[in-house]
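These notes are about the structure you will find just below.
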Amino acid sequence: MQHNNYKRYTGKNLAMSIAAITALNASPAFSQALEEVIVTAQKRAESLHEVPMSISVVSEDMMAVAGIETLDDVQALVPSLNIYSAVNPAYASISVRGVGTGASDPTLEPSVGVFIDGVFMPRSVFGLSQLVDVERIEVLMGPQGTLYGKNTNAGVISVTTKGMPTELEGSAELTGGNYSLWSGKASVGGLITDDLGYRFGAIIRQRDGTMKHELTGDDDFNDIDE
């Protein structure tokens, strides 16, 4: 008798579960499809799911939510990316999956190539600047010499800015923080003709130093004025 009661109770739960799943599937809130992500990792526009390589994509919305202001901040969203900053920007280095060029000698060519709109930055420091009007950032992991040439033995960071606007648009952003940090960002774009448009962007960022010199009393060490 106990065995039969157990079977009837399980069947009842199963029927209730099937009814609940059917109701969820019929609800409009659960019928939304995943948004397709378009990348240009292989020098052509294609869906992220069709790219046969390991790649991480940071979209414009993700950067806005996470407060990404520089390429250095992107490593917070891409665990395999490490950017080692220094007081002198020339000594900065980038590694992907732990592979990269050491920062001890700024004359060494990088192992992670930085591209902005398809243009190679001969030194990684040239790409570690403020980001404005950026559409997406693609981090390609592993050797990419076939498509991107030399200096990409460890990977590629490809920054794609926004294209020509379809109408007049603009944005402005003001940020403040401790150590007298403040930054302003603004951009505007529009159409001149059907085939010609423009974009202008500007960033200002300032912050006091985070360290104080014990002998001179100056607190401008490691400050920001860009």
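Annotation note: Cβ proximity below 6 Å between a residue of region 95-114 that is within 21 Å of residue 137 (Cβ to Cβ) and at pLDDT 85 or above and a residue that is among the polar types (S, T, N, Q) and open to solvent by 40 Å² or more (accessible area, probe 1.4 Å) (sequence gap 6+ or interchain) occurs for 95/82; 111/153.
Could you please let me know if residue 156 is assigned to a strand (DSSP E or B) and in contact with a helix residue (DSSP H, G or I) (Cβ under 6 Å, 6 or more places away or on another chain)? Walk me through how you get there before you give the answer.
Details: assigned to a strand (DSSP E or B): yes; in contact with a helix residue (DSSP H, G or I) (Cβ under 6 Å, 6 or more places away or on another chain): yes.
For residue 156, the condition - assigned to a strand (DSSP E or B) and in contact with a helix residue (DSSP H, G or I) (Cβ under 6 Å, 6 or more places away or on another chain) - is met.
Only residues that are of a type in the set (S, T, N, Q) and open to solvent by 20 Å² or more (accessible area, probe 1.4 Å) were counted in region 152-164, giving 3.
Taking the condition modelled with pLDDT of 85 or more and either over 27 Å from residue 162 (Cβ atoms) or in contact with a Ser or Thr (Cβ under 8 Å, 6 or more places away or on another chain) (or both), does residue 31 pass?
No: the conditions fail for residue 31.
Here region 197-226 is the region considered, the condition is being of a type in the set (Phe, Trp, Tyr) and closer than 30 Å to residue 133 by Cβ, and the residue that is farthest from the chain's Cα centre (by Cα) is 198.
Basic (Lys, Arg) and open to solvent by 50 Å² or more (accessible area, probe 1.4 Å): is that true of residue 185 in this structure? Spell out how you get there, then give the answer.
Numbers: basic (Lys, Arg): yes; open to solvent by 50 Å² or more (accessible area, probe 1.4 Å): no.
The answer is no for residue 185.
Could you look through region 125-151, keep only residues that are within 16 Å of the chain's Cα centre (by Cα) and at pLDDT below 85, and pick out the one that is surrounded by the most Cβ atoms within 10 Å (Cβ to Cβ)? That would be 127.
On the given criteria, is residue 172 touching a residue at least 60 places away in the same chain (Cβ under 8 Å), open to solvent by 50 Å² or more (accessible area, probe 1.4 Å) and in a strand (DSSP E or B)? The answer is no for residue 172.
Of everything listed in (1) within 18 Å of residue 134 (Cβ to Cβ); (2) at pLDDT below 90, the single unmet condition for residue 169 is (2).
Scanning region 175-197 for residues that are outside any loop (DSSP other than H, G, I, E, B) and closer than 23 Å to residue 70 by Cα yields 175, 176, 177, 181, 182, 183, 184, 185, 186, 187, 188, 189.
The values are calculated or read from the model by the stated rules, or taken from the named source; none is laboratory data. Just so it is clear, the model here is predicted, and its values are computed rather than measured. No Cβ is skipped: glycine too gets one built from the backbone with ideal geometry, and neighbour counts run over all protein chains shown. For the accessible areas, the whole protein counts, side chains as well, though only heavy atoms, and no ligand, DNA or RNA atoms are used. Shrake-Rupley method; radii C 1.70, N 1.55, O 1.52, S 1.80 Å.
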